[in-house]
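In what follows, a structure is listed as structure tokens, so that the remarks can point back to it.
The values are calculated or read from the model by the stated rules, or taken from the named source; none is laboratory data. Predicted, not measured: the structure shown is a model, and the values here were computed from it. Cβ: placed from backbone, ideal geometry, glycine included. Neighbour counts: every protein chain shown. Areas reflect the complete protein model, heavy atoms only, side chains present, ligands, DNA and RNA absent. Shrake-Rupley method; radii C 1.70, N 1.55, O 1.52, S 1.80 Å.
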Amino acid sequence: MNYLKILEEITLELKSYTTVGQVTNTIPELAKINPDKFGIHLTTIEGDDFGIGDSQERFSIQSVSKALTVALAFSFLGEKIWKRVGVEPSGTAFNSLIQLEYEKGIPRNPFINAGAIVIADMLVSCLENPKEDFLRFIRLISGNPNIDFNLSVAQSEKDTRFRNAALGNFLKSFGNIENDVDEVLDFYFHQCSIEMNCVELANAFFFFANEGKTRDGKSILTTSQVKRLNAIMQTCGFYDESGEFTYKVGLPGKSGIGGGIVALYPKNFVVATWSPKLNKKGNSELGMHALELLTTKTEMSIF
Ligand code: GLN
């Protein structure tokens, strides 16, 4: 498969695609990003790399981090994490409060904000130095010791935290947050502020495609555990657009409001895209389209 040629074709086709999306306005610091950035990087399971455009420029991974926090919590706590967060699609926006009331504080899945805040609480409980330890985990799985938080982005999100603070407090009122809400939110804002480029993201997600082992062979999760997390990425990774992503792309993946998407074909490849303009559901408009073109041209989708 000539992946580089396919990525070049995709980039060319995207140039004539008219976008209607907007850069996020929920985190002021992120509203400054150049909307016209575009990068894509694909890493095969054999270890070949193909990248194009702004694939080496770092951006805020935001909710893409939720797949990595749930992986770390799953590795520590196993199946019992599902007592406090579900594995069902929510059909609601990523930052919605609506289901929490009638489902008594158990978020539908770990990829909506409510679920990710519960996962953050689990990590605050079981890590000695939560922020440092999580960063160490990201550096380990990506094989890159330079990955870091962007403290201005974390602060900017803290300054405008009203909805996430509401979710955190609401969860606490149901007894589904063990720690101090502000401490949990501080961890959550830092995890979201991590900056990586498409190459680094493809490396970090390699273990999801490689039966739980990183690119350099470290064991992170069991084959069964990555199968389960890939299943949740497939059904919930794009919030109330997960069905659409499955229909158009046919791969498990996770998006973030920084404009990043990571998708993977188990035992075949990991691909990361970055384009900051988001559609109404908060997913990268061009990133989704690029991945739709990728699986159409390569005929490599899990379906
Ligand atoms: N930090 C963002 C928030 O909590 C992440 C949202 C996202 O990327 N979808 O609102």
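Give, as residue ranges, the strands (runs of 3 or more DSSP E) completely inside region 206-279 that count at least 1 residues that are among the aliphatic types (A, V, I, L, M).
In region 206-279, 260-265, 269-274 are the strands (runs of 3 or more DSSP E) which contain 1 or more residues that are among the aliphatic types (A, V, I, L, M).
Whether any residue in region 257-270 is out of contact with any strand residue (DSSP E or B) (no Cβ under 6 Å at 6 or more places or on another chain) and open to solvent by less than 10 Å² (accessible area, probe 1.4 Å) is what I want to check.
There is no residue in region 257-270 that is out of contact with any strand residue (DSSP E or B) (no Cβ under 6 Å at 6 or more places or on another chain) and open to solvent by less than 10 Å² (accessible area, probe 1.4 Å).
Answer with yes or no whether Ser96 is more than 27 Å from Gln225 (Cβ to Cβ) and either part of a loop (DSSP other than H, G, I, E, B) or free of Cβ contacts under 8 Å to residues at least 24 places away in the same chain (or both).
Answer is yes for this residue.
Condition check: touching a residue at least 24 places away in the same chain (Cβ under 8 Å), open to solvent by 10 Å² or more (accessible area, probe 1.4 Å) and over 18 Å from Ala272 (Cβ atoms). Does Asn164 satisfy that?
yes
Select from region 274-303 the residues that are closer than 20 Å to Ala202 by Cβ, in contact with a Pro (Cβ under 8 Å, 6 or more places away or on another chain) and within 16 Å of the ligand (Cβ to nearest atom) and list them in ascending order.
Passing the criteria: Pro276, Ser284.
Can you confirm whether Val64 is open to solvent by less than 30 Å² (accessible area, probe 1.4 Å), closer than 21 Å to Gly243 by Cα and within 13 Å of the ligand (Cβ to nearest atom)?
Judged against the criteria, Val64 is a match.
Any residue in region 128-147 that's under 14 Å from Met196 (Cα atoms): show its pairings with residues that are crowded, with 19+ Cβ neighbours inside 10 Å and charged (D, E, K, R) at Cβ separation under 6 Å, as long as the two are six or more apart or on different chains.
So the pair list comes out as Ser142/Glu200; Asn144/Glu200.
Of the conditions (1) more than 16 Å from the ligand (Cβ to nearest atom); (2) more than 18 Å from the chain's Cα centre (by Cα); (3) open to solvent by less than 60 Å² (accessible area, probe 1.4 Å), Phe38 fails just one. Which one is it?
(2)
Take the residues in region 185-219 that are within 16 Å of the ligand (Cβ to nearest atom) and open to solvent by 10 Å² or more (accessible area, probe 1.4 Å); name whichever of them is nearest to the chain's Cα centre (by Cα).
Glu195
Could you tell me which numbered condition Lys80 fails, if it satisfies all but one of (1) within 16 Å of the ligand (Cβ to nearest atom); (2) open to solvent by 20 Å² or more (accessible area, probe 1.4 Å); (3) not in a loop (DSSP other than H, G, I, E, B)?
(1)
Would you mind stating whether Tyr239 is of a type in the set (Phe, Trp, Tyr), modelled with pLDDT of 95 or more and surrounded by fewer than 24 Cβ atoms within 10 Å (Cβ to Cβ)?
Considered against the rule, which asks whether it is of a type in the set (Phe, Trp, Tyr), modelled with pLDDT of 95 or more and surrounded by fewer than 24 Cβ atoms within 10 Å (Cβ to Cβ), Tyr239 comes out as no.
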